[in-house]
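Below you'll find the structure, written out as structure tokens, and then a few comments.
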Amino acid sequence: MSRILTMARAGREALDWEMERRPEIVCLGEDVFKMGGIFGTMDGFGAKYGPERVISTPISETGFIGMAAGAAMAGMHPVVDLAYIDFIGVCYNVLLNCASKTHYMSGGAVKVPMTLLIGTGGGYNNAAQHSQCLHATVAHIPGVKVVYPSNAYDAKGMLHTALRDDNFVIYLTHKGTAGVGWMGPPIPTTLAEVPEEPYTVPFGRVKVYREGTDVTVTGLGMSVHEALKAAAELEKEGISVEVVDLRSLVPLDREGIMESVAKTGRLVVTDEDYLSYGVSGEVIATVAERDPGVFKKPPVRVTMPDIPIPFSRPLEQAVLPLAGRIADAVRRLMS
Amino acid sequence: MPLTPELRRGFWRTMCLSRAFDDAMIALYWEGKLPIFQFGAGPLPGELHCSNGAEPVGAGVCAALGPEDMITADHRPHHVAVARGVDLDRMAAELLGRRTGLSQGKGGHMHIYDPAVNFASSGIIAEGMAVAAGMALARRLQKRPGIAVAFIGEGAANQGAFHEVCNMVGLWKLPVVVVVQDNEWAVSTGKRESTAVERNSDRASAYAMAGEWVGTNDPDDIFLAAERAVARARAGEGGTILELRTARLAGHFMGDQQAYIPAQMKQVDPLPLYREKLIRDGVLSAEEADAIAAEAKARIARAVEFAKASPWPEPAEAMAHVFAGEPA
């Protein structure tokens with residue numbers, strides 16, 4: 001049986017299924033016992049699994065995420081809710097030097113299986129400290145897997161995969177895609193038929209949302225859905241857009257990116273993270289390193305510029321990589 | 001456990017072994033680094049933070065632990081590792097970056113992992129606080145015995161991680177012993193220049209933890225205090241901040257001239273003092289004490305031989321072990 005679910009409910013199902021069967025999985029984070037995590041991934045788990053396995057913590061991210069790493073080293077699989085990725089600043093050492101490097105520095109002797117759930121992104125007027133994406137900042141660290149589902153089917157399957165992985169996995173969800181009440185009605189393209197049974201979606205493979213022949217538009221998280229909107233508009237103008245969801249930054253499906261761009265010859269990279277030193281440059285480098293000859297035109301980036309994210313609605317709307325900006329970039333490439 | 005002669009002879013043996021390890025590493029360290037000093041040169045490259053002077057801490061605390069207990073140490077880990085029973089041959093090989101090392105040459109001296117004896121260390125100050133608390137939490141959830149001990153320095157007690165974790169240890173009554181090794185110096189910054197309280201053990205009351213302080217750098221006193229802390233942890237009475245006054249005789253790292261240390265703050269070597277004490281107490285004769293020291297040196301010499309004779313890792317091995325579950 002399958003039903004149409006939001007990403008949040010789909011992810012919750014995966015975690016619930018794994019927790020029912022695996023006592024080594026415990027949840028930690030601020031407010032998780034009473035409130036179930038930022039997207040309700042642990043909704044109702046406090047009552048179901050009790051305070052021993054659903055641990056509400058003090059506001060001490062260095063402390064409790066570091067403890068999760070220690071518990072993982074001692075045989076548990078902690079699932080930690082960090083709410084917003086803007087908060088990595090207060091626990092960055094654990095990500096940068098501990099959870100990501102212990103397996104390597106121990107020559108494989110010590111594993112750190114833990115899953116860190118983090119919300120990303122803006123578009124709802126929450127200003128520069130609660131709207132960032134920062135996925136490149138975590139994907140840059142060797143030794144951490146970073147995945148970023150953008151629809152309910154992938155949300156469930158990739159969380160099952162994360163929970164069965166022996167490594168430190170950062171599982172990102174753009175707030176606007178999760179389908180939670182406080183972000184308004186769900187975006188239709190985030191909803192999906194989700195089987196009741198458990199299943200895994202492997203890391204490191206792009207997902208082609210819609211096939212096209214003129215331009216490849218890559219996205220991740222929310223920008224996938226903006227790209228889909230743009231593609232629908234452009235179809236009316238006779239432009240055929242292929243929308244590719246990267247959905248896994250580490251590992252990154254470089255061949256999957258190349259395959260699409262080799263077919264279309266034109267590339268627009270969308271990214272709600274900052275422009276410079278990030279995923280958008282990485283995607284272009286991936287193609288350029290393989291064969292720059294596939295480009296019929298120079299590639300274009302549509303991203304958040306290198307500025308702190310502004311609060312006021314017209315300011316924020318102007319800088320987000322929304323469908324209008326993406327469509328304009330595609331039109332320029334086709335002109 | 002009473003302070004038996006056998007236990008005290010064991011402290012002496014452990015302290016000699018640790019000192020012999022560090023002395024051997026110091027000798028190796030200077031090979032290839034004279035007359036022009038360079039961290040990266042010689043058979044033992046990188047930074048080297050030796051434990052000379054802190055041996056009583058490792059010997060006394062580790063004797064109070066059982067095999068099921070877990071340890072995190074810091075950038076100065078040798079005395080704790082030796083006392084815990086970390087494989088000496090493989091530890092020496094790791095310091096020399098050899099394939100037979102504990103981490104196959106991927107860790108080096110600040111990153112010593114030996115899961116066989118539940119030992120891990122980290123080069124980041126106070127990082128082991130949370131890891132130790134998480135290990136203790138894991139054992140509680142797994143309903144398995146085992147407490148955790150975080151060895152940190154007095155400088156680390158000013159890190160946010162220290163305070164966040166102490167709060168949770170107190171809040172959840174986790175079986176954690178925080179061993180604050182006060183060697184008076186955080187690189188060149190003295191404790192009085194950095195710390196608002198005289199004793200970090202006094203900070204325990206802020207976290208509903210027990211606090212104990214030992215000022216002698218004597219393994220007998222350290223053992224007895226550690227045993228009390230371990231007993232509280234095992235009994236479910238929660239954590240302890242155990243501050244131990246100790247010494248840092250070989251500087252922050254090799255090459256540290258320590259010109260910043262005033263003459264009146266010169267530190268005392270605890271080994272001759274403890275040797276005299278054991279002879280005075282009739283636990284050992286001078287000959288027996290020296291025989292134990294000689295045996296320790298011989299054991300470390302074998303570890304050094306093992307390390308030197310070991311192969312280097314193949315360059316391609318650099319790419320392995322980034323992730324678990326991938327072909328090495």
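The values are calculated or read from the model by the stated rules, or taken from the named source; none is laboratory data. This structure is a prediction, so every number in the text was calculated from the model and none was measured. Don't worry about glycine lacking a Cβ; one is built from the backbone with ideal geometry, like all the others, and counts go over all protein chains shown.
Out of all the residues in segment A:4-19, is one or more part of a loop (DSSP other than H, G, I, E, B), modelled with pLDDT of 95 or more and within 23 Å of the chain's Cα centre (by Cα)? Step through it out loud before you land on a result.
Taking segment A:4-19 first, the residues part of a loop (DSSP other than H, G, I, E, B) are A:6.
Right, trim to modelled with pLDDT of 95 or more and you get A:6.
From the residues that got through so far, the ones that are within 23 Å of the chain's Cα centre (by Cα) too are A:6.
Checking segment A:4-19: at least one residue is part of a loop (DSSP other than H, G, I, E, B), modelled with pLDDT of 95 or more and within 23 Å of the chain's Cα centre (by Cα).
Do any strands (runs of 3 or more DSSP E) lying entirely in segment A:240-290 carry at least 3 residues that are within 19 Å of the chain's Cα centre (by Cα) and within 16 Å of A:Leu172 (Cβ to Cβ), and which ones are they?
Values: elements: A:241-245, A:248-250, A:267-274.
The qualifying strands (runs of 3 or more DSSP E) are A:248-250, A:267-274.
Does any residue of segment A:40-56 turn out to be among the β-branched types (Val, Ile, Thr) and within 17 Å of A:Ala162 (Cβ to Cβ)?
The initial filter retains those residues of segment A:40-56 that are among the β-branched types (Val, Ile, Thr), namely A:41, A:54-55.
Now narrow it down to the ones that are within 17 Å of A:Ala162 (Cβ to Cβ): A:41.
Yes: one or more hits.
Hey, does segment B:76-89 have a residue that's over 11 Å from B:Phe119 (Cα atoms), part of a loop (DSSP other than H, G, I, E, B) and under 13 Å from the mean Cα position of the chain (by Cα)?
Checking segment B:76-89: at least one residue is over 11 Å from B:Phe119 (Cα atoms), part of a loop (DSSP other than H, G, I, E, B) and under 13 Å from the mean Cα position of the chain (by Cα).
From the list B:Ala64, B:Ala93, B:Ala73, B:Ala81, exactly one residue is crowded, with 24+ Cβ neighbours inside 10 Å, within 16 Å of B:Ala226 (Cβ to Cβ) and of a type in the set (A, V, I, L, M). Which is it? So that I can check it myself, show each step before the final result.
Details: B:Ala64 fails: crowded, with 24+ Cβ neighbours inside 10 Å; B:Ala93 fails: within 16 Å of B:Ala226 (Cβ to Cβ); B:Ala81 fails: within 16 Å of B:Ala226 (Cβ to Cβ).
That would be B:Ala73, the only listed residue that is crowded, with 24+ Cβ neighbours inside 10 Å, within 16 Å of B:Ala226 (Cβ to Cβ) and of a type in the set (A, V, I, L, M).
Using beta carbons and a limit of 7 Å, which pairs, at least six apart or on different chains, have the first residue in segment B:1-26 and in contact (Cβ under 8 Å) with a residue 60 or more places away in the chain and the second one in a helix (DSSP H, G or I) and among the hydroxyl-bearing types (Ser, Thr, Tyr)?
B:Trp12/B:Tyr274; B:Met15/B:Tyr274
Does segment B:41-61 include one or more residues that are at the interface with chain A (Cβ under 8 Å from one of its Cβ atoms) and in contact with a strand residue (DSSP E or B) (Cβ under 6 Å, 6 or more places away or on another chain)?
To start, the set of residues in segment B:41-61 that are at the interface with chain A (Cβ under 8 Å from one of its Cβ atoms) comprises none.
Within segment B:41-61, none of the residues are at the interface with chain A (Cβ under 8 Å from one of its Cβ atoms) and in contact with a strand residue (DSSP E or B) (Cβ under 6 Å, 6 or more places away or on another chain).
Being assigned to a helix (DSSP H, G or I), more than 23 Å from the chain's Cα centre (by Cα) and surrounded by 11 or more Cβ atoms within 10 Å (Cβ to Cβ) is true for just one of B:Glu287, B:Glu317. Which residue is that?
Details: B:Glu287 fails: surrounded by 11 or more Cβ atoms within 10 Å (Cβ to Cβ).
It is B:Glu317.
Please go through segment B:57-74 and give me each residue that is farther than 9 Å from B:Phe223 by Cβ and in contact with a Leu (Cβ under 9 Å, 6 or more places away or on another chain), ordered by number.
B:Val57, B:Ile71
Tell me the residue from B:His252, B:His321 that is more than 14 Å from every other protein chain (Cβ to nearest Cβ) and either hydroxyl-bearing (Ser, Thr, Tyr) or more than 26 Å from B:Asp69 (Cβ to Cβ) (or both), please.
Numbers: B:His321 fails: more than 14 Å from every other protein chain (Cβ to nearest Cβ).
None of the other options fit; the residue is B:His252.
Kindly indicate which of B:Ala294, B:Ala303, B:Ala298 is under 29 Å from B:Ala27 (Cα atoms), surrounded by 14 or more Cβ atoms within 10 Å (Cβ to Cβ) and either among the polar types (S, T, N, Q) or at pLDDT 95 or above (or both).
Numbers: B:Ala294 fails: surrounded by 14 or more Cβ atoms within 10 Å (Cβ to Cβ); B:Ala298 fails: surrounded by 14 or more Cβ atoms within 10 Å (Cβ to Cβ).
Answer to the check: B:Ala303.
Would you check which residues across segment A:251-277 are buried (at least 22 other Cβ atoms within 10 Å of the Cβ) and more than 19 Å from A:Ala288 (Cα to Cα) and list them?
The answer is A:Glu272, A:Asp273.
Among the listed residues B:Ala301, B:Ala293, B:Ala286, B:Ala263, which satisfies the condition of being more than 30 Å from A:Lys111 (Cβ to Cβ) and touching a Cys at 6+ places or on another chain (Cβ under 7 Å)? Please lay out each step first, then the result.
Details: B:Ala301 fails: touching a Cys at 6+ places or on another chain (Cβ under 7 Å); B:Ala286 fails: touching a Cys at 6+ places or on another chain (Cβ under 7 Å); B:Ala263 fails: touching a Cys at 6+ places or on another chain (Cβ under 7 Å).
Just one listed residue meets the conditions, B:Ala293.
Working carefully through the options A:Ala10, A:Ala109, A:Ala83, A:Ala47, find the one that is buried (at least 24 other Cβ atoms within 10 Å of the Cβ) and not hydroxyl-bearing (Ser, Thr, Tyr). Step through it out loud before you land on a result.
Numbers: A:Ala109 fails: buried (at least 24 other Cβ atoms within 10 Å of the Cβ); A:Ala83 fails: buried (at least 24 other Cβ atoms within 10 Å of the Cβ); A:Ala47 fails: buried (at least 24 other Cβ atoms within 10 Å of the Cβ).
That would be A:Ala10, the only listed residue that is buried (at least 24 other Cβ atoms within 10 Å of the Cβ) and not hydroxyl-bearing (Ser, Thr, Tyr).
Residue-by-condition table, conditions (1) crowded, with 24+ Cβ neighbours inside 10 Å; (2) more than 30 Å from B:Lys191 (Cβ to Cβ):
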{"site": "B:Thr100", "(1), (2)": "no, yes"}
{"site": "B:Ser122", "(1), (2)": "yes, no"}
{"site": "B:Ile125", "(1), (2)": "no, no"}
{"site": "B:Val131", "(1), (2)": "yes, no"}
{"site": "B:Leu141", "(1), (2)": "no, yes"}
{"site": "B:Pro145", "(1), (2)": "no, yes"}
{"site": "B:Ala148", "(1), (2)": "yes, no"}
{"site": "B:Ile152", "(1), (2)": "yes, no"}
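Could you tell me whether segment A:213-224 includes any residue that is surrounded by 21 or more Cβ atoms within 10 Å (Cβ to Cβ) and assigned to a loop (DSSP other than H, G, I, E, B)?
Going residue by residue through segment A:213-224, those that are surrounded by 21 or more Cβ atoms within 10 Å (Cβ to Cβ) are A:215-224.
Still in the running and assigned to a loop (DSSP other than H, G, I, E, B): A:220-221.
Looking through segment A:213-224, at least one residue is surrounded by 21 or more Cβ atoms within 10 Å (Cβ to Cβ) and assigned to a loop (DSSP other than H, G, I, E, B).
Search segment A:301-335 for residues being in a loop (DSSP other than H, G, I, E, B) and under 18 Å from A:Val217 (Cβ atoms), and hand back the single one that is modelled with the lowest pLDDT.
First, pick out the residues of segment A:301-335 that are in a loop (DSSP other than H, G, I, E, B): A:305-312, A:320-322, A:335.
Restricting the remaining residues to those that are under 18 Å from A:Val217 (Cβ atoms) gives A:320-322, A:335.
On the way: A:Leu320: 98, A:Pro321: 98, A:Leu322: 98, A:Ser335: 93.
For segment A:301-335, the residue satisfying everything is A:Ser335.
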